[in-house]
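Okay, so here's the structure we're looking at.
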Amino acid sequence: MDDERFTWKTQLRCALANMIAATNLSAVVDPSHLKDTPDRLVRMYDEIFWGTRKDPAAALNTSFAGDTHDQMIIVQDVEFTSWCSHHFLPFSGKWHFAYIPGDSIVGLSKIPRMIEILAARPQVQEGLAEDIVGTFQQTVQPLGCAVVLEATHTCMQARGVRKNGTMRTTALRGVFRDPRSSHVKAEFFTAIK
């Protein structure tokens, strides 16, 4: 059914309007500031979850075959924001990514584009790390790749335990995970300190 009454946007807009009315927020907040809040929140969720409508592998579409570079390539200290699937609140921080080329290298901007698409989805940080290396390994087929995500979580800071702290997750593929190539993993972790 494409009936407007059944779209997620309409349902969310109605639920938010009902929540505002039921909690009597207009008694403590200027009602003029709440008037369009359901519409703003619907537009916000549509905007921040844009990555659900994109293929992250397509962002890796520019590779350069035949390059003889066979050493580690690292992109680090790049900021990101993603969204907790448990609370729809942001978690943000920095990512560090490395790979060792197989038959090709990728354009430098392609890695941040892929990660940006994957980050623009509701998820847990551990899943985002796995999706990053999984997508890259399958699409580019390097000898291996690795990512470290370091993030603070609004859902931990603003509710529940209400504490600040950084969560660090790691995901490894190929030679970064091979015990016989432990020096590769060590080189990566030393480089991003």
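Listed options for Rg and Dmax of the Cα atoms in Å are [x] 15.7, 47; [y] 20.7, 68; [z] 17.9, 54. The value calculated from this structure is the one marked [y]. Given R0 = 30 Å, the distance between the Cβ atoms of Thr81 and Arg180 translates into a calculated FRET efficiency of 0.20.
A Cβ-based charge dipole, computed about the Cα centre of the stretch 4-48 with Lys and Arg at +1 and Asp and Glu at -1, lands at about 100 debye.
Each residue, Ser104 and Arg168, gets one label point 7 Å from its Cα in the Cβ direction; the gap between the two is 3.4 nm. Take each peptide in 46-52, 57-63, count the other Cβ atoms within 10 Å of every residue, and average; sorted highest first, the result is 57-63, 46-52. In the chain, what percentage of the DSSP-assigned beta bridges are antiparallel, given to the nearest 5? In the chain, DSSP labels about 95 percent of beta bridges as antiparallel.
Between Lys193 and Asp36, the contour length at 0.36 nm per residue exceeds the Cα-Cα span by 52.0 nm. The charge dipole of the chain, taken about its Cα centre with unit charges on the Cβ atoms of Lys, Arg (+1), Asp and Glu (-1) only, comes to about 540 debye. Structural descriptor for the chain: relative contact order 19 percent, calculated from alpha carbon pairs under 8 angstrom and at least 6 residues apart. Fully extending the segment from Asp70 to Arg53, taken as 0.36 nm per residue of separation minus the present Cα-Cα distance, adds 2.7 nm. Cross-link check: pairs Lys163/Lys193; Lys9/Lys163; Lys163/Lys185; Lys35/Lys94; Lys110/Lys185; Lys110/Lys193 evaluated at a Cα-Cα cut-off of 29 Å; pairs beyond the cut-off: Lys9/Lys163; Lys163/Lys185; Lys35/Lys94.
Since every read-out is calculated from the coordinates, none of them should be taken as a lab result. Bear in mind the structure is a predicted one, so any value in this text is a computation, not a measurement. Every residue, glycine as well, gets a Cβ built from its backbone with ideal geometry; the counts of neighbours run over all protein chains shown.
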